Structures are given as structure tokens and as C-alpha cells.
Amino acid sequence: MDSAVGEPSKSDELKRAAANWAVAQLTDGMTVGLGSRSTASFAVAEIGRRVEAGLRVVGIPTSENTAEQARSLGIPLSTLGEHPEIDVTIDGADEVELRTLNLIKGGGGNLLREKIVAAASRRLVIVIDQSKLVDRLGSRARVPVEVAKFGWQSTARRLAALGPEPVARIDSEGKMFVTDGGNFILDCAFGPIESPAELQGRLDATVGVVEHGLFLGLACQVVVGDRSGVRIL
């Protein structure tokens, strides 16, 4: 049965537990990357609560929505120009591969900024609920590919040569979804990916691709909220 209106779902409770555990590890003076979408928003909310209680941190947001949420909670914000090295970033993921901690991200359309912030971080901590764990990347999630607006149809044809037909992401108004960076997103259902590193190389070499949702070798810790509590990978 669906949860009642206004009541948190079990999935939300698990995400919040994982996010709160990750935020509890923050200490004064840290520069913290602030992720995007639902799971990361729980972390931002908890950071706001701790800032109100006296925690001194500086946040680097990965999206305009995250920046707006952080400002509303009184979290001091800065930029990578002023803080080029981030102590820790707390973010979510669409899929986490169990044996490698490789990720698919970008379901919310913020993959470019998320990857830039992740690459600038000493530690990338991913918070998820148990449903996001997979044995092989691509088992359930599509790989988002951010592409330049100019000639995006040609880019889509080049991506189709790698496997599935890309699907243009559409926003709530029925228009092409536009990222904070001003690009389009094509979602590619590759299915279980035998070699994420090989696919990453092919996507990186595709003209017109700005970034993609394969985050390989970036996560150092995954905090999983499941029915038995919080566990750490």
C-alpha cells in the first residue's frame, strides 16, 4: 500500500537515515560538496540543522536547486574558484555496483556539475537506500549523457551506434530538458554493462558529448540505509 499523503515512504526513511549518518561525520572547518536530488536533499537538510546548532562548514552546491535549499537553511556557500579542493562531498546515486562502488548518476540532470565537484573532492560519500545496489551497472538505470544543444541529433546518432537508441529527456512542460549548464540529456538504456571502463572511453570519445553518468573510481564510501539500519560499503 502507498504511504499516506504527507507521510514519508519507507524508502525516504532509509535515505534519511543514511544521509544523517554521513552528515554526522562532518567537522568544523570542512568544505563540503552538496549533492542534488532527493537523497542529497536529506543530507543538505541535516547539514542545515547542524549549522544552526553551531557547525562551521562551507558548502559547494552541485545544482541551482541545491544552492537554493542550502541558502534557505543558512548554510554558507562558496565556489570551486575560491575552494578548489573539497574535503568531502555527500551525494546520492541512481545505481551502485557492489563489488566496485562504481556509480550511475545524473537522474536529476546535474551530472556535469556533480562530476566536477566529485573530482575536486578528497572523499566522495554516496548515500542511498538498498534498492540502488546492483551486481552490474546498467541493470536497472539508464546512463544519462549530457550533450551540447548544437547538433544534438547528430550526437544522438553517434550514441545509437554504441548500442541502444538514446531517448531525449523531456521536462514537465513537454520540452527538451535543459541542464543547469545549458545542455540536453539523452538517456541510454545499455542494460547490464560488461565493461563500464570501455563504455566510458567510448562515450568520452564521442563528439558532442559534454559528460555522462558513469562515475567510475570516484566513490570512497557508500552509506546504505536498509531495513536493518545503516551499513557502510
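Each reported figure results from applying straightforward, stated rules to the coordinates on display, with no laboratory input. Please read these numbers as outputs of a predicted model, since none were measured by experiment. Note: ideal-geometry Cβ built from the backbone for every residue, glycine included; neighbour counts use all protein chains shown.
Between residue 98 and residue 207, the modelled labels are 4.3 nm apart [label points 7 Å from Cα along Cα→Cβ].
Taking 0.890 mPa s as the viscosity and 25 °C as the temperature, the Stokes-Einstein diffusion coefficient of the stretch 71-156 based on its alpha-carbon Kirkwood radius rounds to 165 µm²/s.
Using the average count of surrounding beta-carbon atoms within 10 Å as a protection proxy, the listed peptides 146-154, 89-97, 112-120 rank, highest first, as 89-97, 112-120, 146-154.
The calculated P(r) of the chain, using every Cα pair and 5 Å bins from 0, goes 1, 7, 14, 18, 19, 16, 13, 8, 3, 1, 0 in percent.
Please sort 164-177, 187-200 by packing, taking for each peptide the average over its residues of neighbouring beta carbons within 10 angstrom, highest first. Numbers along the way, then the final one.
On the way: 164-177: 12.6, 187-200: 15.9.
By packing density, highest mean first, the sequence is 187-200, 164-177.
Considering only 232, 151, 210, and ranking their Cα positions along the charge dipole of the chain that arises from unit charges at the beta-carbon of Lys, Arg, Asp and Glu, the one farthest toward the positive end is 232.
Please say if the stretch 1-132 is rounded, prolate or oblate, where rounded means a/c under 1.5 for a ≥ b ≥ c the square roots of the C-alpha gyration tensor eigenvalues, and otherwise the choice is prolate for a/b larger than b/c and oblate otherwise? Present the calculation step by step, with values, prior to reporting the outcome.
On the way: a/c = 1.69, a/b = 1.23, b/c = 1.37.
Oblate, because a/c is 1.5 or more while a/b does not exceed b/c.
By how many nm would the segment from residue 178 to residue 160 grow when fully extended, if each residue of separation counts as 0.36 nm and the alpha-carbon distance is taken off?
Details: separation 18, 0.36 × 18 = 6.48 nm, distance 2.06 nm.
Going from the current span to full extension adds 4.4 nm.
Amide hydrogen proximity for residue 35: with H placed 1.01 Å from N in the peptide plane, the residues at 5 or more positions away or on another chain lying under 5 Å are 90. The Stokes-Einstein estimate for the stretch 143-211, based on a Kirkwood radius over Cα pairs and taken at 25 °C with 0.890 mPa s viscosity, is a diffusion coefficient of 200 µm²/s.
Assuming R0 = 35 Å, can you tell me the calculated FRET efficiency for the pair residue 49 and residue 227, based on Cβ-Cβ distance, to the nearest 0.05?
Details: r = 25 Å, r/R0 = 0.71.
The value I calculate is 0.90.
Spacing of the modelled spin labels on residue 130 and residue 12, each 7 Å from Cα toward Cβ, amounts to 2.1 nm.
Per q in 0.23, 0.31 Å⁻¹, report the Debye log10 I(q)/I(0) for the stretch 172-214, using one uniform scatterer on each alpha carbon and no solvent. Values, matching the q order: -0.90, -1.21.
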